[in-house]
1. Regarding Lys164, is this residue within 31 Å of the chain's Cα centre (by Cα) and basic (Lys, Arg)?
2. When you check Ala152 against the structure, is it touching a residue at least 24 places away in the same chain (Cβ under 8 Å), open to solvent by less than 100 Å² (accessible area, probe 1.4 Å) and assigned to a loop (DSSP other than H, G, I, E, B), yes or no?
3. Within the group Val88, Val83, which residue is within 23 Å of the chain's Cα centre (by Cα), open to solvent by less than 40 Å² (accessible area, probe 1.4 Å), at pLDDT below 95 and within 30 Å of Lys56 (Cα to Cα)?
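The values are calculated or read from the model by the stated rules, or taken from the named source; none is laboratory data. Keep in mind that what you see is a predicted model, and the values were worked out from it rather than measured. So basically every Cβ, Gly included, is an ideal-geometry build from the backbone, and we count neighbours across all protein chains shown. Ligands, DNA and RNA are excluded from the accessible area calculation, which covers all protein heavy atoms including side chains. Shrake-Rupley method; radii C 1.70, N 1.55, O 1.52, S 1.80 Å.
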Amino acid sequence: MNKVNTIIVASSVLLSASFLQGCNEKADTNPADIAAVSVGTSEAQQGTTKESTSTKATQMKPLAIQVLYLDRSMLEPGAVVEVSLLDVSKADSKSDILAQQSMKAQGGPPYALVLDYDLNEIKDNHRYSLRATIKLNENLLYTSTEHLDPFANEAKQPFEIIVKQVEQTAVAAEFTNTYWKLMKIGKQDVPSFEGAREMFVQFMTQENQVRGFSGCNNFMGNYEVKGSQVTLTPLAGTRKMCVNGMEQEQAYLNAMANVVSFTIEGETLTLNNSDGEAVVSFESRYMN
């Protein structure tokens, strides 16, 4: 009996120790870790749900558009017509482009395009407008100026967009490296004769050389420019004798000897004397 009791007591002790060890292991687990696992699992499930609900198939819809202008000018080859659907809800910021389509202009207007947009991007509380432009080498020639909402109740396809010509800013010709045709000596127009070579001047950047033709002879020299001031060295020329035009040639060369400043307005160059009076006037031409 003593042996049996001893075995039973030993077994009870072992079972108790095993039970206590198991409880200790559970007690050692950090509650924060358990919470973190639970939260992470929940967030992952939420993310999957959001992703599945936010992903929608695109619903592409067409807008038939005709672009035209009312003047009779013809576009140069290479002109491009472009239409855009804009979200113009933000008054103080750039409009968002929702869709855009372009085509090369062939012949005269109207120019027909189809603009596809995603219906899912259209919101009830936003404002929208169609815009059209015509460009040539990225230079804006025509643009629409009126608001046109394609989603207004009375709007009907095809949408007609009238574009207006953009006023082009005149670019002044360059003083240097331009072929300047002589137009006036003082206030007198320079006559042109059939078969006669035109008189001109060029101010070249290379070696600051000035060269030209005075009606009978070629001339050359050098120049220096500071702001609107120009200084010419004495001009040297060939010594040909001509039947006609010698007096006009001498008047041209005398005027050039009095030049101290210049002005350019658009395509016109005027050379002035020390009193600010125009002594010779030119118009720009392509380089020869």
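1. Numbers: within 31 Å of the chain's Cα centre (by Cα): yes; basic (Lys, Arg): yes.
Spelling it out, Lys164 is indeed within 31 Å of the chain's Cα centre (by Cα) and basic (Lys, Arg).
2. Values: touching a residue at least 24 places away in the same chain (Cβ under 8 Å): no; open to solvent by less than 100 Å² (accessible area, probe 1.4 Å): yes; assigned to a loop (DSSP other than H, G, I, E, B): yes.
When the stated conditions are applied, Ala152 does not pass them.
3. Val88
Conditions tested, residue by residue: (1) open to solvent by 30 Å² or more (accessible area, probe 1.4 Å); (2) among the β-branched types (Val, Ile, Thr).
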position	(1), (2)
Pro77	yes, no
Gly107	yes, no
Tyr111	no, no
Val114	yes, yes
Ser129	no, no
Glu146	yes, no
Ile162	yes, yes
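Residues are listed down the side, and each one gets a yes or a no for (1) closer than 17 Å to Gln66 by Cα; (2) free of Cβ contacts under 8 Å to residues at least 24 places away in the same chain:
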residue	(1), (2)
Ser102	yes, yes
Val114	yes, no
Ile122	no, no
His126	no, no
Leu136	no, no
